[in-house]
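The block underneath contains the structure these notes are about, expressed in C-alpha cells.
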C-alpha cells in the first residue's frame with residue numbers, strides 16, 4: 001500500500017528566506033510524486049511532479065522539489081519565500097496515475 | 001476552459017436527509033475521484049472511477065454511493081446523511097498517460113450535516 005508522510009504540521013519562515021516542506025513516501029513500484037497547494041476556501045492547485053528523469057524538478061511560482069530515492073523523500077523547496085506563499089501544501093504519490101494518496105498537509109506561514 | 005466543476009458549493013443537511021453532489025469535467029479524462037478533506041487528515045479517497053460505467057471503493061466508502069453514467073460526470077450520493085459526514089468534498093480527474101498524470105481538482109463542496 002502507498003503512503004505519504006509530512007512530518008511537520010506547520011512551517012514558519014521569514015519572507016526572503018529559503019523554505020523547505022518535507023515529504024517522505026512509501027510505494028511498492030516506481031513512484032509518481034506530486035506537490036499541490038491549497039489556498040483558503042479553494043481547491044488544490046498542482047505545483048510540480050516527478051515521474052522520471054532529473055531528480056530536481058522545477059514547478060510553478062518558483063518552487064522546486066528534489067527526489068531522493070534512497071531516502072524515499074520528495075521535499076519541496078523555494079530559494080526565497082514570499083508572504084503570498086502562505087498556504088496548505090500537500091504531497092501525494094500515485095502508482096501510475098490511478099489512485100492518488102495524499103499526506104496530511106503542511107501549513108506554511110511566511111512572516112513579513 | 002472550465003476544468004473540473006462541482007455543484008453545489010455549499011449545503012446544509014439535516015441528519016437522515018439525502019443529497020447528490022455533481023462533478024463535471026471537460027478534459028476528457030478517464031479517471032475521476034471523490035475525496036473528503038477533514039482537518040489534520042489530508043484528503044481521503046471515498047470512491048473513484050477508471051472509466052464510464054465503472055466505480056470502485058476508496059479508503060472511506062461507507063455511507064456514500066457513486067455513479068459514472070457519462071464519462072464527463074461523476075456523482076456522489078449520500079443516502080442518509082450523518083453528522084460525521086460534515087466535511088469538504090473534492091472531486092478530481094486525471095488522465096494517466098506518461099505526460100499528464102497529475103489530478104485536477106474542483107473548488108470543493110462544503111457540506112454541513114446538523
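The values are calculated or read from the model by the stated rules, or taken from the named source; none is laboratory data. Fair warning: this is a prediction, and the values are worked out from it, not measured in the lab. Cβ atoms come from the backbone with ideal geometry, glycine included; neighbour counts cover every protein chain shown.
Numbers for the structure displayed
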{"read-out": "Test: residue in the stretch A:20-40 that is more than 10 Å from chain B (Cβ to nearest Cβ), more than 28 Å from residue B:47 (Cβ to Cβ), assigned to a loop (DSSP other than H, G, I, E, B) and touching a residue at least 40 places away in the same chain (Cβ under 8 Å)", "value": "yes"}
{"read-out": "Residue identified as closer than 19 Å to residue B:96 by Cβ and within 11 Å of the chain's Cα centre (by Cα) among A:77, A:49, A:22", "value": "A:49"}
{"read-out": "Residue check, residue B:48 within 18 Å of residue B:9 (Cα to Cα) and within 14 Å of chain A (Cβ to nearest Cβ)", "value": "no"}
{"read-out": "Extreme residue, modelled with the lowest pLDDT, among residues of the stretch A:49-59 that are in a loop (DSSP other than H, G, I, E, B) and more than 9 Å from chain B (Cβ to nearest Cβ)", "value": "A:53"}
{"read-out": "Residue A:81 being buried (at least 16 other Cβ atoms within 10 Å of the Cβ), in a loop (DSSP other than H, G, I, E, B) and touching a strand residue (DSSP E or B) at 6+ places or on another chain (Cβ under 6 Å)", "value": "yes"}
{"read-out": "Residue A:101, sole failed condition from (1) within 14 Å of chain B (Cβ to nearest Cβ); (2) at pLDDT 95 or above; (3) buried (at least 17 other Cβ atoms within 10 Å of the Cβ); (4) more than 10 Å from the chain's Cα centre (by Cα)", "value": "(2)"}
{"read-out": "Lone qualifier among A:74, A:46, A:90 - being touching a residue at least 40 places away in the same chain (Cβ under 8 Å), in a strand (DSSP E or B) and at the interface with another protein chain (Cβ under 9 Å from one of its Cβ atoms)", "value": "A:90"}
{"read-out": "Tally of residues being out of contact with any strand residue (DSSP E or B) (no Cβ under 6 Å at 6 or more places or on another chain) and part of a strand (DSSP E or B) across the stretch B:59-114", "value": "0"}
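Here's the yes/no breakdown for (1) at pLDDT below 95; (2) under 21 Å from residue A:104 (Cα atoms):
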site	(1), (2)
A:14	no, no
A:17	no, no
A:61	yes, no
A:79	no, no
A:87	no, yes
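Residue by residue, here is whether (1) within 8 Å of chain A (Cβ to nearest Cβ); (2) surrounded by fewer than 21 Cβ atoms within 10 Å (Cβ to Cβ) holds:
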position	(1), (2)
B:74	no, no
B:86	no, yes
B:93	no, no
B:108	yes, no
B:114	no, yes
